[in-house]
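> Handing you a structure now.
Bear in mind these aren't lab numbers, they're just calculated from the coordinates by the rules spelled out. Note that the structure is a prediction, hence the values are computed from the model and not measured. For neighbour counting, all protein chains shown are included, and Cβ atoms are generated from backbone atoms with ideal geometry for every residue, glycine included.
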Amino acid sequence: MTTEAFQQNSLDWQLRLFSQRVGEWVEVRLADTQLPVPNVQISPDWIVTLCWIILAAIALWLIWQLVNLLAPQLRQVQVSRSQPQVAARSLSAAEWLKQAQQQQQQGNYREACRSLYLAMLQRLDETQQIPIAASRTDGEYSQCVRQLSQPQLYQLLIQTHEQVCFGSQPITIENFRSCQQAYEQIDRTLDPA
């Protein structure tokens, strides 16, 4: 290609040339003027203090965001921990057992195991072995049943209840049968007759 084939002038070229000339003119004008620069001396202690204040503010903001993010989950866990104990006061052990059998017949082994757990708590309350307390957790009940005969039976129901409330594994018919057998043995040991 010959050099005559290229365009020698265009609007884009003229705009670039104009902006370059304006930039150079501004640079020359600023170089000639002496801008007053304040003579500020800051102590290194102030800089360190300012950095710590900024870091503390950022940390507080992050904690606030985290609390706002986790607050619904914390409330849900708190409610789920208190609901079984409150519900346990409303039904007798026999009624919880009947409800467990109904849930088992429907194939809802998760709720059936939960009902057996609540029946156990109600049975312990009825026999005045361990009174139901709304503030008690599964861990606290686990410690309380250690003094009873055959604590492993109680532990099985408590651990299954923890799995029901906090675990992600499915509750199977085998889990329910194990809990049912444990409850029946518990019931026999608590029955004075």
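> Relative contact order of the stretch 92-190, please, whole-number percent, based on alpha carbon pairs below 8 angstrom and at least 6 residues apart. List each step's numbers first, then the result.
Values: 105 pairs, mean separation 32.4, N = 99.
Over the stretch 92-190, the number comes to 33 percent.
> Rank by packing, highest mean first: peptides 40-46, 53-59, 135-141, with packing defined as the count of other Cβ atoms within 10 Å averaged across residues.
So the peptides 40-46, 53-59, 135-141, ranked by packing, come out 135-141, 53-59, 40-46.
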